[in-house]
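Read through the structure below, which is laid out as structure tokens, and then see the notes.
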Amino acid sequence: MKTPLLTAALLLSLGTLSAHACPEKVQPAQAYQRRNDGRCEGIQARGLIADGVKLVSFAIGRFADNPDETLSLKIPKLNQGQPTLQIQNRRKRYVLNEVPLKPQGAWLNYAWSPQILQEAKVKPSKLQTLAELPNKTYVPVVLNSGSKQYEFVFFLAEPASFESFEIRQGGQIFHSETRPKTNAKEIRFIWQPKAGASAGIYEINYEATTYPRGEKPDSFPRTLKFIHDPDWL
């Protein structure tokens, strides 16, 4: 006989699994489900849950808003394992994941039809793309190979400010800025590496403060790791 605690844990586990499951052949057609090439794409019934401040995009360039153009991207192919790619628009609840990346030379490539985006009225330029290696290090997603800068996008669940945002390697600071309190749901940071920024692993060190309604402000530091290579820009 299951104890109440075990039953509760089982229900919680099942709920978690179902929340992240990729269903087959559901209606309406633009609902989140598995597509013909194995990817999972569509509009989720419930919004994506996030607390505080969360990195949701690390990209080079942006997609153009051409409704008839197949969307394509590429990610550097490294010897550190297969990256997990998440493409989303939180405001529209659009998600594309479990992406079947295809190796070609020094890159992992993917292209897909914008049909679901069109039906959901999601502009490609408003997509967030994030690729994470198994070792919790991020690699850039190239959306426009003509761009010479990185774009980091953070989702804000509550009003927030950035007391500091630094890009570092080996104690050297390559970029630094702050942002005042904002009620916006996204904050973007742009980094255009100079000649002295060699290929390697870099850190983003930031301190943010969130301002939950009816509660005291909450300040916290975070460190994220990403890979930079001048050849990608």
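Readers should treat all values here as calculations from the given coordinates under stated rules, not as data from a laboratory. Because the structure is a prediction, the values reported are computed rather than measured. Cβ: placed from backbone, ideal geometry, glycine included. Neighbour counts: every protein chain shown.
With the charge dipole of the chain set up from +1 on Lys and Arg Cβ and -1 on Asp and Glu Cβ about the Cα centre, the Cα lying farthest toward the positive end among the listed residues 76, 196, 40 is that of 40. Placing +1 on the Cβ of every Lys and Arg and -1 on the Cβ of every Asp and Glu, with nothing else charged, gives segment 82-159 a dipole about its Cα centre of roughly 240 debye. Placing +1 on the Cβ of every Lys and Arg and -1 on the Cβ of every Asp and Glu, with nothing else charged, gives segment 144-187 a dipole about its Cα centre of roughly 80 debye. I'd like the distance separating the alpha-carbon centroids of segment 170-188 and segment 59-97, in whole Å. Value for the Cα centre distance between the two parts: 23 Å. Each label point was placed 7 Å from the Cα along the Cα-to-Cβ direction; for residue 119 and residue 45 their separation is 1.7 nm.
Given R0 = 45 Å, the distance between the Cβ atoms of residue 70 and residue 213 translates into a calculated FRET efficiency of 0.60. Here the spin labels are modelled as points 7 Å beyond Cα on the Cα-Cβ line, and at residue 37 and residue 203 they lie 3.8 nm apart. Taking other residues whose beta carbon is less than 14 angstrom from the beta carbon of residue 121, and scoring Lys, Arg as +1 and Asp, Glu as -1, yields +3. Computed over neighbours whose Cβ is under 10 Å from that of residue 58, the net charge equals -2, Lys and Arg +1, Asp and Glu -1.
Net charge in the neighbourhood of residue 68 (other residues with Cβ under 15 Å of its Cβ; Lys, Arg +1, Asp, Glu -1) is -2. R0 = 22 Å: FRET efficiency of residue 169 with residue 145, Cβ-based, nearest 0.05? After rounding to 0.05, the efficiency reads 0.35.
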